[in-house]
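Have a look at the structure below, then the notes.
The values are calculated or read from the model by the stated rules, or taken from the named source; none is laboratory data. Please read these numbers as outputs of a predicted model, since none were measured by experiment. Positions of Cβ are backbone-derived with ideal geometry, glycine not excepted, and every protein chain shown enters the neighbour counts.
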Amino acid sequence: MQLGTLTLQNPICLAAAPWQLDGAGYERLGAIFTRTVTMEPKPGLYEEGIWQVNEQTLLNATNMRTESAEILVQEHLPHLLSYGVPVFVSITAPGIPGFRKIARFLAREVGRQIAGVEVYMAQPDTEKGAELNAKFVREATQAVRNELGPESIIVVKLPPWPEHIRGLALGAQEGGATALAATNVLKALHLSDDATAAPVTGGLSGEALRPVALRCVWELAHDSRITLPIFGTGGVFTAAHVSDYLRCGATAVQIASGEWLEPGLSARLAAECGHLIPASL
Ligand SMILES: Cc1cc2nc3c(=O)[nH]c(=O)nc-3n(C[C@H](O)[C@H](O)[C@H](O)COP(=O)(O)O)c2cc1C
């Protein structure tokens, strides 16, 4: 996959997720995307709230604790960089000034060490009922681009909304994104067998997400206005799943749930799929 001036050695990448994963074979990957960080650490209910909905489907709880960019840079980045593959720091913020601030911090502290950033487009002001829209995506991307400079790589990660994803992607493209990632988790709810336990709200990932994420990738790849390369993200467990994403128009894939359920899966798929060249290249 070509990202600006950077060529990924392999189409298999590690998606944004907790970095306390087994690192065996990560040097084979195309890239590593860190867990999302914010400028200030965000307290949450859970350190790592992950429920297994069924064999290959997870729900990770809303209200997870979020690390600060500073902790990532000081404590985790050196280890992630030691694999020798491009590392993208995943960032989010509640509004445009927040995106500007965190991008400025990263540009100053680690601008030359990281390959770029991935922008997690979260809904601003959700409590007030506001929804993520193309204008916000454009302005957030632009704010990050202005801080990181014209050469840096900015991947914009979008939610799994097939009806709206083209508009959001156009916002990212107009704001100066280098690539898109489709998709992040799907809002869902999990009820355990214990009838007295409270329902858990969170984000669905893995097998159940894959058909929706494939549709999102397909929507993006079949819109002639959208010219950015696409990372397919959701439910990759096998080489056949990687091929499915490439057939739908992605140029690389990111893996989170598969790696969590089967540590070492990404490296194994990287060994199996290194030869897969997307049709569009
Ligand atoms: C445990 C867990 C933690 C995650 N944390 C993040 C995160 O910090 N930032 C982010 O953008 N996506 C996060 N995701 C979403 C994944 O990066 C990915 O977009 C999604 O899970 C779909 O891929 P998958 O089916 O391979 O898991 C997380 C997913 C899981 C399962």
Q: Tell me which of these His275 doesn't satisfy, since it passes every other one: (1) in a loop (DSSP other than H, G, I, E, B); (2) surrounded by fewer than 17 Cβ atoms within 10 Å (Cβ to Cβ); (3) within 12 Å of the ligand (Cβ to nearest atom).
A: (3)
Q: Would you check if there is a residue in the range 57-68 being over 23 Å from Gly176 (Cβ atoms), buried (at least 17 other Cβ atoms within 10 Å of the Cβ) and touching a His at 6+ places or on another chain (Cβ under 6 Å)?
A: yes
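Can you confirm whether the range 118-131 contains a residue that is in contact with a helix residue (DSSP H, G or I) (Cβ under 8 Å, 6 or more places away or on another chain), modelled with pLDDT of 95 or more and part of a strand (DSSP E or B)?
Yes, because at least one residue in the range 118-131 is in contact with a helix residue (DSSP H, G or I) (Cβ under 8 Å, 6 or more places away or on another chain), modelled with pLDDT of 95 or more and part of a strand (DSSP E or B).
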Q.
Among the residues of the range 154-179, what is the count of those that are within 16 Å of the ligand (Cβ to nearest atom) and either outside any strand (DSSP E or B) or in contact (Cβ under 8 Å) with a residue 60 or more places away in the chain (or both)?
A. 12
Q.
Anything in the range 162-185 that is closer than 30 Å to Gln52 by Cβ and either of a type in the set (Val, Ile, Thr) or touching a Ser or Thr at 6+ places or on another chain (Cβ under 8 Å) (or both)? List them, or say none.
A. Ile165, Ala181, Ala182, Thr183, Asn184, Val185
Q) Which condition does Ala182 not pass, out of (1) touching a residue at least 40 places away in the same chain (Cβ under 8 Å); (2) more than 16 Å from the ligand (Cβ to nearest atom); (3) in contact with a Phe, Trp or Tyr (Cβ under 8 Å, 6 or more places away or on another chain), if it passes all the others? A) (2)
Q | Residue count for the range 198-215, restricted to those that are near the ligand (Cβ under 7 Å from one of its atoms) and touching a helix residue (DSSP H, G or I) at 6+ places or on another chain (Cβ under 6 Å) | A | 2
**Q.** Condition broken by Gly203, with the remaining ones in (1) surrounded by 18 or more Cβ atoms within 10 Å (Cβ to Cβ); (2) at pLDDT 95 or above satisfied
**A.** (2)
(Q) Taking the condition of being within 16 Å of the ligand (Cβ to nearest atom), at pLDDT below 95 and closer than 18 Å to Ile154 by Cβ, how many residues in the range 78-97 meet it? (A) 2
Q) Taking interchain pairs and intrachain pairs at least six residues apart, which have beta carbon atoms under 9 angstrom, with the first residue in the range 71-90 and closer than 22 Å to Val119 by Cβ and touching a residue at least 24 places away in the same chain (Cβ under 8 Å) and the second assigned to a helix (DSSP H, G or I) and of a type in the set (Ser, Thr, Tyr)? A) Leu80/Tyr26; Val85/Tyr26
Q: Starting from residues that are among the small types (Gly, Ala, Ser) and part of a helix (DSSP H, G or I), keep the ones in the range 189-241 and report whichever is nearest to Ala177 (Cα to Cα).
A: Ala221
